[in-house]
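Quick note: the coordinates plus some simple rules give every number you see, no bench work behind them. Because the structure is predicted, anything quoted here is derived from the model rather than measured. Quick reminder, even Gly has a Cβ in these numbers, built from the backbone with ideal geometry, and neighbours come from all protein chains shown.
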Ligand SMILES: NC(=O)c1ccc[n+]([C@@H]2O[C@H](COP(=O)([O-])OP(=O)(O)OC[C@H]3O[C@@H](n4cnc5c(N)ncnc54)[C@H](OP(=O)(O)O)[C@@H]3O)[C@@H](O)[C@H]2O)c1
């Protein structure tokens, strides 16, 4: 039985180490304290004071400067969007890989820059295949579903409370502002990064 006791003791000792290192010992905790790093994923959105995001399939305001900011920021990247946002755009965003999430939409065969995904997981896999730092560009359901994976947020605060039929409540917990500036008409452009 001696060998069995020795084996039990060595297991017990290993179990002790799972609770933390003994005095003066190297930390051999198991499993190792390793957290999978998040892959870069940005979200870009403009929000009214009341959380307004859209109305009648369009933006509930007209701010060309914000549109220029969107163009500048997303150019050269993969952009992931819901089917209604795709319809609002009307054509593929140039110089970007357009990943449209839809269960009903069929990819136009003549548009090499348009990919269709059935789920967010599928869209992320497609986007990360072609771009290290893709963008989620809306709408509301997609923003909500993508939020846990987002590492950076480009937010434009629109100083208006327009009528809207699509709203989004941005949860800034776990994010800190790393850049901000004021633009035309009092628009605020913020960049937020996930803490930690
Ligand atoms: N203010 C902003 O920054 C901003 C940004 C983007 C859009 N918008 C506005 O928001 C409005 C559109 O947003 P929305 O929320 O109504 O629509 P949306 O997200 O653009 O599109 C919704 C459709 O996308 C597909 N879809 C989205 N998420 C999916 C998921 N996780 N899995 C499977 N399919 C998914 C479904 O298409 P199927 O029905 O085909 O399956 C769904 O019906 C417009 O008014 C637009 O102007 C505003």
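Laid out as a table, the results:
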| quantity | calculated |
| --- | --- |
| Length released on extending from residue 149 to residue 171, taking residue separation times 0.36 nm less the Cα-Cα span | 6.6 nm |
| FRET efficiency for residue 49 and residue 103, using Cβ-Cβ distance with R0 set to 35 Å, rounded to 0.05 | 0.60 |
| Square roots of five times the Cα gyration tensor eigenvalues for the stretch 32-128, Å | 24, 20, 14 |
| Potential lengthening between residue 38 and residue 111 on full extension [0.36 nm per residue; Cα-Cα distance subtracted] | 23.2 nm |
| Inter-centroid distance (Cα atoms) of the stretch 68-88 relative to the stretch 89-119, Å | 11 |
| Burial ordering of 91, 102, fewest other beta-carbon atoms within 10 Å first | 91, 102 |
| P(r) tail fraction, the stretch 42-194 - alpha-carbon pairs more than 20 Å apart, % | 47 |
| Cα-Cα P(r), the stretch 73-148, percent of pairs per 10 Å interval | 21, 62, 18, 0 |
| Residues residue 182 and residue 83, FRET efficiency given R0 of 45 Å [Cβ-Cβ distance, rounded to 0.05] | 0.85 |
| Packing-based ranking, highest mean first, of 37-49, 162-174 given that Cβ atoms within 10 Å are counted | 37-49, 162-174 |
